[in-house]
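The values are calculated or read from the model by the stated rules, or taken from the named source; none is laboratory data. Predicted model, so just to flag it, every value in this text is computed and none were measured. Here the Cβ positions follow ideal geometry from the backbone for every residue, glycine too, while neighbour counts run over all protein chains shown. In case anyone asks, the SASA skips ligands and DNA or RNA and just uses the protein heavy atoms, side chains included. Shrake-Rupley method; radii C 1.70, N 1.55, O 1.52, S 1.80 Å.
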Amino acid sequence: MVELKTLNLKLSHGIEGDINADPISSRQVLIVRYEDIFDLSIKPGELRENIVVTGIEFDNFIPGSLLTFESGAAIRLAFHCEPCKRIAHLLESLKSIQGKRGILGVVIKSGKIQVSSNFQVKADKFPALSENPYGRFLNFIIKIPSGKVVTYKQIIKGIGVDNSYLRAIPTYLKKTSAADYPVHRILDSKGYLITYVNQQKDKLETEGVKILSEADLLSNLNKSFVYIKDYLWQDYTIYLE
């Protein structure tokens with residue numbers, strides 16, 4: 001982490017130069033309330049947060065709130081950052097920081113912010129995203145339009161989780177109703193169709209998606225795939241409203 005006096009927030013991107021900046025991500029920025037880390041004797045920066053704010057009432061620092069800075073920059077607070085083993089050395093118990101680890105957000109208006117910048121907070125300006133990754137998964141995939149596809153990697157970014165969650169996507173798919181959610185529009189990270197999604201090839205072709213095939217020398221079978229660049233769904237506005 002590098003301490004900076006000025007941050008450039010960019011619409012549908014995040015913080016300029018930050019590793020987590022990504023237009024599809026729901027976790028572009030991590031904001032921590034100073035009062036919370038002070039109570040836990042944690043120094044600013046130790047939670048790897050991007051921004052520390054002070055003066056916000058605990059009841060207003062919640063997912064769904066809108067932070068607006070004097071420069072015009074604005075951040076939508078999306079969901080709480082889950083305490084994890086990366087910060088375990090700072091605490092006697094991770095339970096002590098539950099709800100105080102910070103909130104992840106999305107930049108919805110561009111602008112620069114500086115140390116001591118003034119800001120306003122308005123609660124309940126947006127729907128809060130689910131605190132459960134599976135809930136965010138459902139909220140994300142329901143938006144995939146007909147004739148478009150997404151990959152596992154896109155889903156990981158869109159629902160704001162670590163890459164380790166890639167192994168959870170097959171489980172999510174298996175327990176999700178194909179009648180209620182367009183699971184057939186999901187491909188693996190290389191663009192291949194998924195064997196346990198029923199009638200995926202037929203459903204995609206019905207929607208106008210061209211399915212290609214290649215020989216798998218190990219299994220002596222053909223593997224179906226989609227040329228991702230032609231059909232990839234990329235909506236960078238999904239968290240702006």
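Brief remarks follow.
- Per-residue SASA entry for Arg136, accessible area with 1.4 Å probe, Å² rounded to 10: 20
- Ranking by accessible area, most exposed first, for Phe126, Phe79, Phe119 with a 1.4 Å probe: Phe119, Phe126, Phe79
- Excluding same-chain neighbours fewer than eight residues apart, the lysines reachable from Lys95 by a Cα-Cα span under 17 Å are Lys85.
- Charge dipole of the range 98-241 about the Cα centre (unit charges at C-beta), most positive-ward option of Pro145, Ile113, Thr195: Ile113
- For the range 110-153: lysine pairs under 23 Å (alpha-carbon distance), excluding those fewer than 8 apart on one chain: 4
- Here is the size of the range 124-237 from its Cα atoms: Rg then Dmax, 14.6, 55 Å.
- Residue-normalised convex hull volume from the C-alpha trace of the range 111-182: 160 Å³ per residue.
- Taking amide H as placed 1.01 Å from N in the peptide plane, the amide H of Leu187 sits under 5 Å from that of Val150, Thr151, Tyr152, each at least 5 places away or on another chain.
- In the context of the full set of protein chains, the range 2-144 has a per residue accessible area of 53 Å² (1.4 Å probe).
- Here, the chain is characterised by an Rg to Rh ratio of 1.03, where Rg is the alpha-carbon radius of gyration and Rh the Kirkwood radius.
- Ala128-Phe225 FRET efficiency (beta carbon distance; Förster radius 25 Å; 0.05 resolution): 0.10
- Rg/Rh for the range 80-140, where both radii come from Cα atoms and Rh is the Kirkwood radius: 1.03
- Length added when fully stretched, Lys153-Thr237, from 0.36 nm per residue minus Cα-Cα: 28.4 nm
- Using a cutoff of 8 angstrom between alpha carbon atoms and counting only pairs six or more residues apart, the relative contact order for the range 93-198 works out to 23 percent.
- When both the range 163-203 and the range 27-83 are represented by their alpha-carbon centers, they are found 34 Å apart.
- Once C-alpha pairs closer than 8 Å and six or more residues apart are averaged by separation and normalised to the residue number of the chain, the relative contact order reads 19 percent.
- Quotient of C-alpha Rg and 2.2 N^0.38 Å, computed over the range 41-110: 1.18
- Those residues of the range 40-54 whose amide nitrogen sits under 17 Å from the label point placed on Leu91, 7 Å along Cα→Cβ: 40-50
- Rounded FRET efficiency, nearest 0.05, which uses the C-beta distance separating Thr171 from Glu214 and R0 of 30 Å: 0.65
- Taking Cβ atoms as reference points and 10 Å as the exclusive limit, the residues near Thr68 contribute a net charge of +2, counting Lys and Arg as +1 and Asp and Glu as -1.
- Cut-off under 5 Å, modelled amide H: who pairs with Leu232 long-range: Val149
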